[in-house]
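No lab work stands behind these numbers, since they all come straight from the coordinates. Just so we're clear, the structure is a prediction, and the values are computed from it rather than from any experiment. Note: ideal-geometry Cβ built from the backbone for every residue, glycine included; neighbour counts use all protein chains shown.
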Amino acid sequence: GVTSGYSGGASKMAHYELVGTGSTGHAEAVQVVYDPSQISYGQLLKVFFSVAHDPTQLNRQGPDVGTQYRSAIFYADSDQQRLAKAYIAQLQEAKSFSRPIVTEVAPLSAFYPAEAYHQNYLAQHPENMYIVINDLPKIGELRKQFPDLYVNR
């Protein structure tokens, strides 16, 4: 399952309004709970770097600007850390992007679930202009590049 939330900050609490100020150090994040017999961490990394966001944008994603929008992977163990760093190195070596990857790879210290109205936001607001402009193209790419992984909910 996927839970929207916040991670990577020093503050012991996080909520949308506070994180939005950029003062907590948290990034908007998703927690992905997965079954390794169904999908590998490597496959998750491939989706993350292929369609989920632009890993070359420093402290922003699309129209959203600030450290809370940085590209980040918060790893749960040393295997995830090693795999994430190795995957980034492969992408850099292959020159997969025209600019350097700026994705932060940091230990997961805490994850704070976002407010209920942020969970499954796309499903609840499919006609929201932000969704239409910024997120639906990513969903289209997910469906195109990873048809075996795409599940319409």
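Just a few scattered comments:
- Of all the residues in the stretch 29-52, those that are in contact with a helix residue (DSSP H, G or I) (Cβ under 8 Å, 6 or more places away or on another chain), under 28 Å from Arg99 (Cα atoms) and surrounded by fewer than 15 Cβ atoms within 10 Å (Cβ to Cβ) number 2.
Quick grid of which residues meet (1) touching a residue at least 40 places away in the same chain (Cβ under 8 Å); (2) in contact with a Leu (Cβ under 7 Å, 6 or more places away or on another chain); (3) of a type in the set (A, V, I, L, M, F, W, C); (4) surrounded by fewer than 16 Cβ atoms within 10 Å (Cβ to Cβ):
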| position | (1), (2), (3), (4) |
| --- | --- |
| Val2 | no, no, yes, yes |
| Ala27 | yes, no, yes, no |
| Pro55 | yes, no, no, no |
| Pro63 | yes, no, no, yes |
| Thr67 | yes, no, no, no |
| Arg99 | yes, no, no, yes |
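- Residue that is surrounded by the most Cβ atoms within 10 Å (Cβ to Cβ) [pool: residues in the stretch 119-148 that are touching a helix residue (DSSP H, G or I) at 6+ places or on another chain (Cβ under 7 Å) and touching a residue at least 60 places away in the same chain (Cβ under 8 Å)]: Leu142
- The number of residues in the stretch 49-69 that are in a strand (DSSP E or B) and within 11 Å of the chain's Cα centre (by Cα) comes to 1.
- Tally of residues being assigned to a loop (DSSP other than H, G, I, E, B) and either aliphatic (A, V, I, L, M) or within 18 Å of the chain's Cα centre (by Cα) (or both) across the stretch 119-153: 6
- The lone exception for Lys46 - which of (1) within 23 Å of Ile133 (Cβ to Cβ); (2) assigned to a helix (DSSP H, G or I); (3) not small (Gly, Ala, Ser) it fails: (1)
- Restricting attention to the stretch 105-118, the residues that are part of a loop (DSSP other than H, G, I, E, B) and either loosely packed, with under 14 Cβ neighbours inside 10 Å or under 15 Å from the mean Cα position of the chain (by Cα) (or both) add up to 4.
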